[in-house]
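Heads up: the structure comes next, in structure tokens.
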Amino acid sequence: MEEHSLWIAVEANRLLGPLVAPLKNSISTTFYGFFHQKYIPPEKVIPDHVLFALFVFLFCCVFFPLVRRSFSMEKPGKIQHLLEVAIEFLHEQLEENIGHGGKKYLPMIATIGTFILLMNLLGLIPGFMSPTSNINVTAGCAITVFLYYNYLGIKKNGVLKYLKHFAGPVWWLSWLMFPIEIISHLARPFSLTVRLFANIYGEELIIVVFFGLLPFLLPLPIMGLAIFTSFLQAFIFMVLTMIYVSGAVAEDH
């Protein structure tokens with residue numbers, strides 16, 4: 001939610017804005033020029049959702065390598081046990097949704113799922129916001145999944161064979177099935193975008209409203225529900241990605 005600027009975002013823009021502005025203005029001016037439009041620099045150089053998404057990215061780059069160094073076969077710690085349980089659960093989901101060989105897609109799917117989960121949870125910390133409450137972030141994640149599963153389908157089946165499955169199994173209905181399948185696939189990133197954005201934005205809005213009514217009582221159960229929703233939405237995003245990958249790499253194309 002970005003009705004007002006968070007103090008962290010204000011300070012980040014004050015410190016980093018002068019460094020980022022020249023590069024951003026140069027790239028944006030060039031891009032807008034292709035469409036014969038004039039780029040007008042916004043007041044805030046680094047938008048809140050970009051700043052906090054970058055914060056989650058940097059956290060992952062630092063935290064997980066450090067945790068990896070602490071792994072031990074003899075004396076595994078609590079974090080290691082937790083991660084092992086999570087990975088085993090994802091392995092089961094991959095085998096169930098994609099089939100044999102599904103485990104090889106774990107790195108990409110687990111990475112985007114973890115990234116979304118941490119962005120969802122970030123807004124529950126006072127002074128921060130969930131980047132996924134901004135539709136630009138959820139659209140970026142959805143487009144990444146869209147490009148990923150189509151890339152896998154083309155890589156495994158080839159361009160012509162992959163496109164052929166859009167026509168369906170009955171050749172004389174191909175003229176009808178092909179545009180329907182194309183529209184269906186194009187609707188997938190839209191669906192992923194809106195589902196994640198609407199849930200996290202609504203969650204943050206509810207927390208703000210209840211916090212304004214009773215600051216110390218009502219937000220607590222709502223925060224518990226928000227944590228559950230954060231995990232649930234990240235899980236749904238991963239499962240849908242698995243289903244899309246399964247359809248793209250299916251042997252019967």
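So, in region 54-98, how many residues would count as being among the aromatic types (Phe, Trp, Tyr) and outside any helix (DSSP H, G or I)? Number satisfying all stated conditions: 1.
The criterion of at least 1 residues that are in contact with a Phe, Trp or Tyr (Cβ under 7 Å, 6 or more places away or on another chain) is met by the following helices (runs of 4 or more DSSP H) wholly inside region 153-253: 174-213, 219-248. Report whether or not Ile79 is within 13 Å of Met238 (Cα to Cα) and of a type in the set (A, V, I, L, M). When the stated conditions are applied, Ile79 does not pass them.
Among residues that are aromatic (Phe, Trp, Tyr) and either farther than 25 Å from Cys141 by Cβ or in contact (Cβ under 8 Å) with a residue 60 or more places away in the chain (or both), Phe52 is included. For region 28-53, residues that are β-branched (Val, Ile, Thr), over 30 Å from Leu117 (Cβ atoms) and either part of a helix (DSSP H, G or I) or within 24 Å of the chain's Cα centre (by Cα) (or both) total 2.
His100: at pLDDT below 90 and not charged (D, E, K, R), yes or no? Show your work before the answer.
On the way: at pLDDT below 90: yes; not charged (D, E, K, R): yes.
When the stated conditions are applied, His100 passes them.
Does Ala187 satisfy being closer than 21 Å to Val239 by Cα and surrounded by 17 or more Cβ atoms within 10 Å (Cβ to Cβ)? First the steps, then the outcome.
On the way: closer than 21 Å to Val239 by Cα: yes; surrounded by 17 or more Cβ atoms within 10 Å (Cβ to Cβ): no.
Taking the combined requirement at face value, the residue does not satisfy it.
If I filter region 30-66 down to residues being of a type in the set (Val, Ile, Thr) and loosely packed, with under 14 Cβ neighbours inside 10 Å, which single residue comes out as modelled with the highest pLDDT? The extreme case among them is Val62. Against the numbered list (1) in a loop (DSSP other than H, G, I, E, B); (2) in contact with a helix residue (DSSP H, G or I) (Cβ under 7 Å, 6 or more places away or on another chain); (3) of a type outside the set (Lys, Arg), Asn150 comes up short only at (1).
The values are calculated or read from the model by the stated rules, or taken from the named source; none is laboratory data. Remember, it's a predicted structure, so these values are computed and weren't measured experimentally. When we count neighbours, we look across all protein chains shown, and the Cβ atoms used for this are built from the backbone with ideal geometry, even at glycine.
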